Amino acid sequence: MKDILILGIETSCDETAAAVVKNGREVLSNVIFSQIDIHTLYGGVVPEIASRKHIEKINQVIEKSLEDAEISLQEVDAVAVTYGPGLVGALLVGVGTAKGIAYAAGKPLVAVHHIEGHIAANYIEHQTLEPPFLCLVVSGGHTHLVRVEDYTSFEIIGRTHDDAAGEAFDKVARAIGLGYPGGPKIDQAAKEGNPKAIDFPRAKIADSAYDFSFSGVKSAVLNYLNQCEMKKLPVKREDVAASFQQAVVDVLVDHAVRAAGALGEKKLAVAGGVAANSCLRSAMEQACKENGLELCYPSPVYCTDNAAMIAVQGYYEYKKGNICDLDLNAIPNLKIGEDKFTGTNISYLEK
Ligand code: KG4
Ligand code: ZN
């Protein structure tokens, strides 16, 4: 059978990324230009700056991805691009570039949902992983428990009612002076702290057993810091980091494992930037072992934003015949598993 090569492009937030993936599983190249250093100066992602940097870097990043994969653009079977959710200006750079390349090179264009891309990152290093499975997607913008029914069909089992897990990490990191990006910094600081030092709340949502809420724990951290300041008590930020992280991890693990049990799922995957968290990874391992669940998560480089995951999901969309027209638009608030492809005129090829 002929190999299928997908060029993936990702610009939904602050990483300009391109990758080439063979047959949906083998990464031939994975190029990421991270804008973190620039946004760190402002304490978070500045959308306008992100868009401009994407424009500056995108061609270079794509050229390098082809070079590293040792292929020409002509050898690519399709161009896959993230079209949502994300920052609209940032997404438009990737979508516009992908459309230009697809048109100029006469290649099919494939639209990929960013979160479905995060889930697909698991296929790279777990070659035998196939749907169905349950996936906990935890990133800077999303916290979802998703039942992956098939490579291209998804059902949401639980979602956050307010902050995403990564967002809570970033806000708490800022409050305790660790800076941006907060997740990795809290992960690091927590290693020196006591996770039982402060009892932060583990939120439960009435009537929705698998939904999440992280604004309460974030506010509890802010209140704790204010109290300490008012009473002139010292704050050990490693303890705050470790106790906050433990509160978030406890809820994520509890919901994921309970949902897997209730749905009769035997395989549990974790995806998204927060899946790189060392405490979450070890707590998940322990809980899955105790509950007889098979666990997988990507290496840290495939947890945070990258284009290899977009090329992987693009491969499965391409195989399904989900090719889109050149009037594809960016959809900043694109929902997972719901209004897929609405707002665009995507046509479907015969299988
Ligand atoms: O998936 P991602 O790169 O971008 C989005 O799609 O949002 O996720 C970024 C998020 C940020 O909130 C970042 O703080 C968090 O993932 N993150 C972590 C870790 N590494 C990245 N959170 C906790 N622990 C980490 N080691
Ligand atoms: Zn992401």
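The values are calculated or read from the model by the stated rules, or taken from the named source; none is laboratory data. Here the structure is a predicted model, which means the values were calculated and not measured. With ideal geometry, Cβ positions are generated from the backbone for all residues, glycine too; neighbour counts draw on all protein chains shown. Calculation scope for accessible area: heavy atoms of the full protein, side chains included, ligands and nucleic acids excluded. Shrake-Rupley method; radii C 1.70, N 1.55, O 1.52, S 1.80 Å.
Laid out as a table, the results:
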quantity	calculated
Unmet criterion (only one of (1) under 26 Å from Ile331 (Cβ atoms); (2) open to solvent by 40 Å² or more (accessible area, probe 1.4 Å); (3) part of a helix (DSSP H, G or I)) for Ile32	(3)
Residue pairs meeting the criteria (Cβ under 7 Å; at least 6 apart or on separate chains; first farther than 17 Å from Asp163 by Cα and away from ligand 1 (no atom under 16 Å from the Cβ), in segment 138-151; second among the aliphatic types (A, V, I, L, M) and open to solvent by less than 10 Å² (accessible area, probe 1.4 Å))	Arg147/Leu134; Val148/Ile119
Matching residues, segment 15-25, being in contact (Cβ under 8 Å) with a residue 24 or more places away in the chain and open to solvent by 10 Å² or more (accessible area, probe 1.4 Å)	Glu15, Asn23, Arg25
Unique match (being at positive phi and either open to solvent by 20 Å² or more (accessible area, probe 1.4 Å) or away from ligand 2 (no atom under 11 Å from the Cβ) (or both)) among Gly86, Gly100, Gly96	Gly86
Pair list, Cβ under 6 Å, 6 or more apart: segment 292-311 residue over 25 Å from Glu63 (Cα atoms), other residue modelled with pLDDT of 95 or more and within 11 Å of ligand 2 (Cβ to nearest atom)	Tyr297/Ala275; Pro298/Ala121
Val274 being open to solvent by 50 Å² or more (accessible area, probe 1.4 Å), in a helix (DSSP H, G or I), closer than 30 Å to Asn30 by Cα and hydrophobic (A, V, I, L, M, F, W, C)	no
Out of Tyr315, Tyr297, sole residue that is surrounded by 19 or more Cβ atoms within 10 Å (Cβ to Cβ) and closer than 27 Å to Asp77 by Cβ	Tyr315
Leading residue by the ranking (farthest from Ala190 (Cα to Cα)) among those in segment 224-252 that are open to solvent by 20 Å² or more (accessible area, probe 1.4 Å) and among the aliphatic types (A, V, I, L, M)	Met230
All positions within segment 139-151 that are in contact with a strand residue (DSSP E or B) (Cβ under 8 Å, 6 or more places away or on another chain) and more than 10 Å from ligand 2 (Cβ to nearest atom)	Thr143, His144, Leu145, Val146, Arg147, Val148, Glu149
Test for Val221: is it open to solvent by less than 20 Å² (accessible area, probe 1.4 Å), at pLDDT 95 or above and either touching an Asp or Glu at 6+ places or on another chain (Cβ under 6 Å) or within 15 Å of Ala256 (Cβ to Cβ) (or both)	no
Residues of segment 35-70 that turn out to be crowded, with 18+ Cβ neighbours inside 10 Å and of a type in the set (A, V, I, L, M, F, W, C), as a count	7
Qualifying residue in segment 54-69 (condition: of a type in the set (Asp, Glu) and in a loop (DSSP other than H, G, I, E, B))	no
Strands (runs of 3 or more DSSP E) wholly inside segment 72-169 that include at least 3 residues being outside the structural domain of Tyr316 (by TED's automatic domain parsing)	133-138, 143-150, 153-159
Residue match in segment 116-138 (condition: within 16 Å of the chain's Cα centre (by Cα), open to solvent by 30 Å² or more (accessible area, probe 1.4 Å) and within 16 Å of ligand 2 (Cβ to nearest atom))	no
